[in-house]
Amino acid sequence: MGFSHSIGNQLAAFLNKTLLGYRRLDTVPVDAVAEILQPGDVVLVEGGTRISVAIQYLTQSSWSHACLFVGESGSNSRELSLLEADLQDGFD
């Protein structure tokens, strides 16, 4: 692992930390949103990390990133599967 890769990992870890005092505010219950989502829908997200705040500031947006709804995770499951990129881990 090179020096620049190590610095990049440290920077990503710093930027990916959740801000102290951040509280998620849901104006619509998650269950209500889940009922109308269809595979392929894009869900806008307001993140609570340092990088999210930077993105919101630079873009002057309420949203810091988006994820893709790919459907329910199992045939008997109501667990939703969302695909999003993570600064440290790639796709999650």
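Values quoted throughout were computed directly from the atomic coordinates according to the rules given, and no laboratory measurement underlies them. The structure presented is a predicted model; accordingly, all values stated were derived computationally and were not measured. Every residue, glycine among them, receives a Cβ derived from its backbone with ideal geometry; neighbour counts consider all protein chains shown.
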Would you grab the residues whose amide H sits under 5 Å from the one on Gly47? Only those 5+ places off in sequence or on another chain, please, with H modelled 1.01 Å from N. Ser64, His65
Would you mind checking the tilt of helix 3-15 against the longest principal axis of the Cα atoms of the chain, expressed as 0 to 90 degrees and rounded to 10? 50 degrees
Calculated [θ] (222 nm, deg cm²/dmol) that DSSP helices of n ≥ 4 give over the chain, each run adding -39,500 (n - 2.57): -9500 deg cm²/dmol
To the nearest 10 degrees, how steep is helix 50-59 against the longest Cα principal axis of the chain, on a 0 to 90 scale? 80 degrees
Output the peptides 14-24, 51-61 sorted from most to least packed, where packing is the average of other Cβ atoms within 10 Å over each peptide's residues. 51-61, 14-24
Can you list the HN-Hα couplings for region 26-43, worked out from phi with the Karplus curve (6.51, -1.76, 1.60; θ = phi - 60°), rounded to whole Hz and with x for Gly and Pro? 9, 8, 10, x, 4, 4, 5, 5, 4, 5, 9, 5, 10, x, x, 5, 9, 10
Once Lys and Arg get +1 and Asp and Glu get -1 on their Cβ, which of Thr27, Gly47, Ile7 lies farthest toward the positive end of the dipole of the chain? Ile7
With log10 I(q)/I(0) by the Debye sum over Cα atoms at q = 0.16, 0.20 Å⁻¹ as the read-out, I listed (1) -0.89, -1.02; (2) -0.81, -1.09; (3) -0.59, -0.94; which label goes with the value calculated from this structure? (2)
What residues qualify as long-range amide H neighbours of Asp41, i.e. H under 5 Å apart, gap of 5 or more or another chain, H built at 1.01 Å from N? Phe69
Full-extension gain between Val30 and Gln60, please, as 0.36 nm times their residue separation minus the C-alpha to C-alpha distance. 8.3 nm
